[in-house]
Structures are given as structure tokens and as C-alpha cells.
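Some notes on the structure that comes next.
Values quoted throughout were computed directly from the atomic coordinates according to the rules given, and no laboratory measurement underlies them. Worth saying up front: this structure is predicted, and the values here are computed from it rather than measured. Cβ coordinates were reconstructed from backbone atoms using ideal geometry, including for glycine residues, and neighbour counts include every protein chain displayed.
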Amino acid sequence: MIRILTALTLFQVNLNPIHSFSHSRFWFIGRGHGLYLSAPVVPTLENVKYRIDDIVPESAIEAIKLRYISVSTQQMALECRDVISQQRMSFQDLARNISLCEYTRDRGGDAGWITTDAIEKSSDAVPQKSSSFPLPEILNAAYNLKKGETSIVSSPARSGAHDSSEWHFVQLMDVQSTLSPMLKKRKLDNYQSLAGESSTNLIYFMETMGCQMNSADSERMAGQLADLGYARTEDSGSANLVIFNTCSIRDHAEHKVYSHIGPHALRKKKGENVKIVVRGLSYDEQAIALSMSCRDQ
Amino acid sequence: MLRRFPEVDVVMGPQYANRIGDLLESALNGNQVVATDPSYQSEDEMPAIRASDVSAWVNVIYGCNERCTYCVVPFTRGVEQSRTLDAIVGEVQQLVSHGYREVTLLGQNIDSWGR
């Protein structure tokens with residue numbers, strides 16, 4: 001008896017409704033000290049993808065941020081790669097010292113954000129005659145990299161003899177995807193626009209639930225909102241923007257959100273000018289997006 | 001959730017934390033916005049307003065590739081996306097110059113950074 005009790009406390013069984021839509025349960029089989037759990041049937045996707053590059057379509061990439069160092073020989077480019085990978089020098093310092101490209105040298109080789117439209121346009125341009133910045137060879141090389149990866153690519157020299165070439169050590173720094181949310185136009189029966197609200201009266205209230213990761217993300221969002229001109233308040237009744245940073249790791253956590261949204265939804269229905277934002281891990285939407293049969297919430 | 005609370009204006013996944021401005025703009029124009037598709041996580045342009053002046057959080061990896069049977073995180077946060085070393089080091093150096101004493105590196109599956 002005592003063995004079973006201790007085993008039960010060790011294996012905290014979570015009969016989580018999330019799994020119930022696959023019609024599965026955890027079972028205890030066996031007795032005494034031999035307790036076995038039979039694995040539930042987990043919904044699986046065909047060809048589960050594990051790399052973000054496989055999941056996000058290439059068409060969703062809006063812009064890339066890259067930096068590069070231009071040198072005159074391949075040997076020098078390879079040496080650049082060694083210096084950077086062994087961290088003997090920072091990329092910026094190396095670029096300032098030896099890069100041949102006068103546009104980016106003073107910025108530490110940083111070419112900034114280039115949109116994918118600009119990349120396509122520069123690929124169509126005639127090589128050697130193009131004075132586009134940055135060079136299409138560099139852009140194409142960067143486009144095919146993963147974030148943080150480097151590559152060495154050559155291009156025809158822009159100045160000097162016609163058949164000489166330049167070499168570039170390119171690093172992809174960041175990627176921005178296009179924002180394409182699902183939008184649904186609201187019925188405007190008692191709708192008021194916050195845009196009409198004077199800019200001194202934008203107040204937001206943020207509620208953070210869950211782990212440290214959510215707290216960190218709340219801080220980041222607070223930075224963004226402050227830049228947009230919103231002031232923060234601790235009194236949720238006086239805010240006209242309410243943000244819930246949620247967690248649904250357990251069923252109880254998921255339902256906690258509903259109890260918090262309730263009063264604000266009521267305020268809105270009564271005609272107060274309140275915008276409600278729910279951010280975070282809520283499994284409902286994902287379940288719908290994965291187009292599996294889910295139980296009606 | 002929207003069925004239960006049609007008053008909610010914006011539902012966004014955690015990968016859109018630094019795009020909240022764009023989503024709010026769309027909501028202010030009268031739309032109900034749902035942004036939950038997986039997307040690349042870009043670096044923030046604006047610095048975060050931190051709750052403490054002494055200890056700070058720094059995200060190093062986002063998402064999880066494991067598929068533990070009890071956990072919903074891989075389905076909501078998506079696949080792993082590590083931040084680049086330069087971005088993380090840059091952020092920590094900035095924090096040090098602002099006088100922070102403690103930096104906690106955060107991640108859902110933190111021991112798989114860089115995989």
C-alpha cells in the first residue's frame with residue numbers, strides 16, 4: 001500500500017483535457033512496485049518539421065539584415081573566417097580595418113536591412129555594370145544562409161581590371177518575416193476607435209501569468225508600448241488597452257485567463273472604449289490551426 | 001477563445017511579442033486580429049523596460065523541438081530558434097553598461113541552444 005502511495009506521488013498523473021481529444025488516457029498497469037504507464041496516443045503530424053526554415057515559407061521573408069567584409073583575395077576571406085570563428089577580433093573591428101567596401105566599412109560591415117524585393121531587383125540587374133549596393137552576389141549568398149551563419153562568395157571587382165574579382169565574407173544577422181495575421185472586420189454597432197483618443201490618454205494595463213519567459217516577453221512588450229506612447233497603469237479599470245500575457249501549460253492555467261478577461265469583456269460590452277489583447281500559449285487556436293478535431297470549448 | 005469572448009481584439013502568439021505595434025494598429029482600424037502562425041523571431045528594436053535595475057532576463061532560445069507527451073509548448077511556441085551569439089553578447093554587454101548585476105538566460109529548452 002505504501003509503495004503504491006509513494007509511486008502515485010512520484011508519477012503525478014495529469015488527466016489533461018488536452019489529451020482527451022485524442023481519446024487517450026494514462027493507465028496504471030501492474031501492481032506493487034511494477035507500475036507501468038502506457039503511452040497515450042499523441043496526435044502526430046505527417047513529416048513533423050524541426051527547423052524553422054522548413055516551416056516558414058520563403059515567401060514570408062520580408063527582409064534580411066546582413067553584414068560583410070570585402071577583401072581582394074580568397075585567402076584573405078578564409079583568414080577572415082578563421083579570425084571571426086576563433087573570436088580573435090570582433091566583426092566590426094575587422095571590417096573597419098580591412099574591408100574594401102567604403103559604404104559599410106565605417107559601420108563595421110553592417111549593410112542593414114534589405115528587403116526581398118530589393119534582392120530580386122538587384123539579381124535582375126546586369127552584372128559588372130550594376131552599381132547597386134550591396135552586390136547581388138552578396139545578397140543571394142546571405143539569403144540562403146541560416147541566421148548567424150557565414151559564407152564566402154566572390155564577385156567581379158567593381159573597380160580595377162575587368163577580370164579580377166573581389167571576395168566577400170558574409171554573415172546573415174537577422175530575418176524579418178511578413179506579418180500576415182488573420183483579420184476579421186468588426187461589426188461597428190457600438191465600436192469606437194482608439195485612434196480618435198488623444199495621444200496623451202493612451203493607457204495600458206498588462207497582466208502577466210506564467211513563467212519567467214513570459215515575464216521577459218512582457219518587459220519587451222512594455223518597451224514597445226512605451227515607444228508607441230502608451231502609459232502604464234496598475235489600475236485595470238482606468239486602462240483603455242488591456243493585455244493578457246497568458247500561459248496554458250496546465251488546464252487550470254488556461255482557464256485562469258477566462259476569469260481575468262471576463263470583467264473587461266463586460267466593460268467593453270457596456271460601451272467603454274477598451275481594447276483587449278490576449279497573447280501567449282493558448283492551445284485552442286493552435287488546435288484549430290492544426291485542423292484536428294478538437295472538443296468544443 | 002474568440003467564440004467564448006468575441007470582445008477580444010487581438011489574439012497573438014508569443015512569437016509576435018516585438019510586433020505588437022503593428023498588430024495594435026490593425027486592431028485600431030476596426031479589425032479583430034488573430035496572429036498565431038509560426039514565424040521567424042527577429043531581434044527587438046526597442047529595449048525592454050525591465051522590472052528590476054539589478055537583475056535582468058535575456059532570452060537565448062525560443063521554442064522547443066522535443067515532443068514530450070504532456071506538454072503543449074512545442075505546439076504553441078513552435079520549433080527551436082536560437083538567437084545569434086552576437087545578439088546575445090551585445091545585449092548582455094549593454095546590460096552590464098547600464099549597471100545590471102545579474103543576468104538570467106532564459107529558454108524553453110535552454111540546453112539545446114545553437115543546435
Any idea how far apart B:Ser112 and A:Lys121 come out in nm if each label point goes 7 Å out from Cα toward Cβ? 4.0 nm
Per the helix-only model, chain B has a calculated mean residue ellipticity at 222 nm (DSSP H runs of ≥4, -39500 (n - 2.57) each, divided over all residues, rounded to the nearest 500) of -6500 deg cm²/dmol
Could you work out the local net charge near A:Asp217, counting Lys and Arg as +1, Asp and Glu as -1, over the other residues with Cβ closer than 11 Å to its Cβ? +1
Separation of the B:Glu102 and B:Leu85 label points, Cα + 7 Å toward Cβ, nm: 2.8 nm
Expressed as a whole percent, how much of the Cα-Cα distance distribution for chain B exceeds 19 Å? 57 percent
Rounding to the nearest 10 and keeping the result within 0 to 90°, find how far the Cα-based axis of helix B:85-97 lies from the longest principal axis of chain B. 70 degrees
No Cys partner within the rule (Cβ under 4.7 Å), chain B: B:Cys64
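Per-residue mean of other chain beta-carbon atoms within 10 angstrom of the beta-carbon, peptide B:43-54?
5
How crowded by other chains is A:208-219, given as the mean number of beta carbons from other chains within 10 Å of each beta carbon? Walk me through the intermediate numbers first.
Numbers: counts 1, 0, 0, 3, 4, 10, 3, 4, 10, 10, 5, 9.
The mean count of partner-chain Cβ atoms within 10 Å per residue comes to 5.
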Send over the Kirkwood Rh of segment B:52-115, from the inverse of the averaged 1/r over different Cα pairs, rounded to one decimal Å. 12.8 Å
Spin-label zone in segment A:204-227 - amide nitrogen under 16 Å from a point set 7 Å from the Cα of B:Met46 along the C-beta vector: A:204-207, A:216-227
